[in-house]
Structure formats: structure tokens, C-alpha cells
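Trainee: Handing you a structure now.
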């Protein structure tokens, strides 16, 4: 077997990833587009959309080798937030793996694609800093109104929304969110596991976060 092949395929292949949220949705559109783009193989996840449970993506990541490129039909197939997507792309870049998104025509193996990646990373960092600044401003205002001293046992509606946003973006652990909001980790868990008014219960936060 020549040096240009590993594990029964050629190094530098395009490997596709498709995802649909429910079994009622059809992944054929994504699969067809990825196949036409030249993907050697397409991995498909079907389920609730949980970022923690994507077995086919795990298989794909295990097969990727330096020089390969991961291809998706659209950016949100890989990440549910800018921060999560950037984290995924950084892992790929560290492994010498490229990334392409067909709908957004992004290709990190090209100079233009790498520029877009850096812009996204800067936007994600800006978003995180903005959340922290707003949260800290709210805490400062609360202290100015005489509610400082010790950790509060409950969060305001605005703080709960901020906590949910940070948790869903996978940017910080529950403990870190608690530090930003000035409350205990238990308070954050309690707030996250309580469904918003008029909404169905969301996925539960676990102690592993």
C-alpha cells in the first residue's frame, strides 16, 4: 500500500457530515449535496439534536487524518452556536484537517476561508465578553441598590436568561457561569432545570457540565 493511502482510503479525502433533528426529517438533501461535492463517505446523525450525543460525528472525527477535509451542507449541522462551531473548527485545524460548508461557501483550506474562520472567532469572543460585561453591570447595579453581601439564593429573570444563553452556547461550565453571575453552582443548576414560564422543559443540566 502506497504512502498516499491509510485505512483503506486516500489521505486528503473529503468526509461529509449530515444531521437531522428528528427521524421524521429527511437527510437525503444533505447527503446528495455532500456526495456531489466529492465526499468519500457521508456520516449521518439522526435524533434529538443533542450536542453531547452524536455517534456518527464521533466516528467521523475518529477517521479524519491530517490533510482530510470535513464537509457539511450548512454550518448549523456541525455547531448550534458560533462559540461551539469555532471550538470544533479549532480542533480540526489543530489536527491538520480542513473544513468546508457548502451553503456558506466556506473552505478553511483556502486563504479566504481561513480569514472567515478568524472573523468568526473574533465575533464569538466579542459575544462572550459582551455577555460578561452586561452581567457584571447588572450585578454592580444590584449592589448599588443595597443587595450586595454574600451570594444570592435566587436569580433575577434577566440573570436566568443570561445563564441559559451561556449554558446553551457551551462556552462555560456551570461553575463558571455561577462565578460570572455571583451565585453558587447549585443555584445555576436549579435555574437551568426549571422550565421557562409557558415553555416545555428543556434538557436538564447535569453535574458533568
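Trainee: Using label points projected 7 Å from each Cα along Cα→Cβ, tell me how many nm separate residue 21 and residue 154, to one decimal.
Mentor: Those two pseudo-labels are separated by 3.1 nm.
Trainee: Now, a different point. Which of the peptides 14-22, 104-112, 28-36 is most tightly packed, and how do the rest follow, judged by the mean count of other Cβ atoms within 10 Å per residue?
Mentor: With the highest mean Cβ count within 10 Å placed first, the list reads 14-22, 28-36, 104-112.
Trainee: List the residues of the range 17-48 whose backbone N lies under 15 Å from a point placed 7 Å from the Cα of residue 80 along the Cα-to-Cβ direction.
Mentor: Under 15 Å, as judged by backbone N against the label point of residue 80, lie 19-22, 46-48 of the range 17-48.
Trainee: Determine the gain in length on full extension of the stretch residue 161-residue 35; use 0.36 nm per residue of separation and subtract their C-alpha separation, reporting nm with one decimal.
Mentor: Roughly 41.3 nm would be gained on extension.
Trainee: Most exposed first by the Cβ proxy, i.e. fewest other Cβ within 10 Å, how do 133, 125 rank?
Mentor: In increasing order of surrounding Cβ atoms, one gets 133, 125.
Trainee: Between residue 59 and residue 104, what is the spin-label point distance in nm, taking each point 7 Å from the Cα along the Cα→C-beta axis?
Mentor: Result for the modelled spin labels: 2.6 nm.
Each reported figure results from applying straightforward, stated rules to the coordinates on display, with no laboratory input. On a predicted model such as this, the values are computed, not experimentally measured, just so you know. All Cβ positions, glycine included, derive from the backbone under ideal geometry; neighbour counts span all protein chains shown.
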